[in-house]
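The values are calculated or read from the model by the stated rules, or taken from the named source; none is laboratory data. Worth saying up front: this structure is predicted, and the values here are computed from it rather than measured. Neighbour counts run over all protein chains shown; Cβ positions are idealised from the backbone, glycine included. The accessibility values were calculated without ligands, DNA or RNA, using every heavy atom of the protein model including side chains. Shrake-Rupley method; radii C 1.70, N 1.55, O 1.52, S 1.80 Å.
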Amino acid sequence: MRSIWNGAISFGLVSIPIKLVNATENHAIHFRQIHLADGGRIRYRKVCELDEEEVSGGEIGKAYEDADGTMIPITDEDLAQLPLPTAKTIEIVAFVPADEIDPLQMDAAYYLSANGVPAAKPYTLLREALKRSNKVAVAKYALRGRERLGMLRVVDDVIAMHGLLWPDEIRAPEGVAPDSDVTVRDAELDLADALMDTLGEVDMDSLHDDYREAVEELIAAKASGEAVRPSESKESGGGKVIDLIAALESSVRQAKKSRGEGEGEDRDEEEGEGEMADVHPIKKTPSGRTAKKTTQQKPASKSTPESTGTKKSTASGSSTAKKTTQKKTASKTASKTASKTASTSDSRSASSAKKSSSSTKKQTGSSGRNSTKKTTSASRKRASA
């Protein structure tokens, strides 16, 4: 990788020669401006306002515009003579925990490469010291005509530097938060937590720029003369007032579905809803009441070729119902007759029992009277003797 700046890291009295290399690259697709009438490219030319002539890059210098419009020329030699210790040095000023750096301050990222063999030892020393301390180094450096703030940390076996904005360059978030007081319920927080747990973690290497890929496909299709089909864009919910609970619940279900979770539950719910919505006709059974109701509910209609099968089935159902009704009637008659017979027999047995008891009483009474008479006559005979 090509270095964009050469200098040294100042680590106390230790100096580490390094090269500064860009750690990031821009993959954005850049477009040119063209003339719509003929497709000619539009170019910006640098023209002097005084003589209206085009000026080459070698004839262009720097200047500061004063408040009254006066131009004050500043040369590269003027900037190089400034008593700035960070002109060619990354000067470490402190070591702090990483969480003390506001992510809003982070800007461009660079790799610091050891410049030469003598730099390997102090470079490794600083790297291992950063690893063991679990801290980052805050440093100052000068790049592209201005002094900047940086943060040094270890990435794998390399020291990386993030350009930082100065604290006074971070704007306060005034007027950004919602004006009205909003109350969030515990149920909504629970659903938000469930959605966060369902989404879980992501492999950062798997993320890619879908928009750039779509633009590349569009360019390839246009270059080959193919017709470009408009893609179906999903409707966004921007600007709409939605039911937050319903939206969270739907989001949790969609997240589970995208991860292959909860498919069985969704299928069971869908099947359950389908069963509730289906209407099943009552099957004709040989039961007496159902057959009667079904037969009574069907109105008489004229015979048509289409209704022949229906009539046959109705006739068979009605005949079955009649037979069942007759069987039930016969069984009811038999039971009534049996009960009558049983009651008659019971009454007869009761009357016979009454007669037998009365006859027994008569016999007992007559026998008792006879025995009494005999005893009386016998006593009389004994007295006369």
**Prompt:** Non-local amide H neighbours of ASN115 (under 5 Å, H modeled in plane, Pro and chain starts lacking H): which ones?
**Reply:** ILE18, LYS19
**Asked** Probe 1.4 Å, all protein chains in place: accessible area of GLU77 in Å², nearest 10?
**Response** 120
**Asked** Within the accessible area of region 82-152, what % is carbon and sulfur when the probe is 1.4 Å and the other protein chains stay in place?
**Response** 57
**Prompt:** Under a 1.4 angstrom probe, counting protein chains only, how are LEU218, LEU20 ranked by accessible area, largest first?
**Reply:** LEU218, LEU20
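Relative to the present Cα-Cα distance, how much length would full extension add between ASP181 and LYS62 at 0.36 nm per residue of separation?
Numbers: separation 119, 0.36 × 119 = 42.84 nm, distance 5.13 nm.
Here the answer is 37.7 nm.
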**Fill in**
Taking 0.36 nm per residue of separation between SER206 and LEU125 and subtracting their Cα-Cα distance, the length gained on full extension comes to 25.7 nm
**Message:** Using each residue's phi in region 174-179, evaluate 6.51 cos²θ - 1.76 cosθ + 1.60 at θ = phi - 60° and report the 3J(HN,Hα) Karplus result to the nearest Hz, with x for Gly and Pro.
**Reply:** 7, x, 9, 5, x, 6
**Complete:** Between the modelled labels at VAL155 and GLU54 (7 Å from Cα along Cα→Cβ) the distance in nm is 4.0
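Starting from the residue with the highest accessible area, list SER10, SER224 in decreasing order, probe 1.4 Å. Spell out each step's value before the answer.
Details: SER10 35, SER224 75 Å².
The residues order as SER224, SER10, largest area first.
Using the beta-carbon distance between ILE245 and HIS27 and R0 = 41 Å, what value does 1/(1 + (r/R0)^6) give for FRET efficiency, to the nearest 0.05?
Details: r = 40 Å, r/R0 = 0.97.
With R0 = 41 Å, the Cβ-Cβ based efficiency is 0.55.
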**Request:** With a Förster radius of 51 Å, plug the Cβ-Cβ distance of VAL117 and MET196 into 1/(1 + (r/R0)^6) and report the FRET value to the nearest 0.05.
**Result:** 0.55
**Complete:** LEU79 and ARG43 label points (each 7 Å along its Cα→Cβ direction) are spaced in nm at 2.6
**Asked** Which loop-located trypsin sites (Lys or Arg not before Pro) does region 108-191 contain, where loop means any DSSP state but H, G, I, E or B and the Cβ has at most 13 other Cβ atoms within 10 Å?
**Response** ARG144, ARG171, ARG185
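Given an 8 Å cut-off on Cα distances and at least 6 residues of separation, report the relative contact order of region 18-157 as a percent.
On the way: 142 pairs, mean separation 37.1, N = 140.
It rounds to 26 percent for region 18-157.
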**Message:** Strictly over 21 Å apart at the Cα level, which of LYS62/LYS140; LYS88/LYS135; LYS19/LYS140; LYS88/LYS131 would you flag in this model?
**Reply:** LYS62/LYS140; LYS88/LYS135; LYS88/LYS131
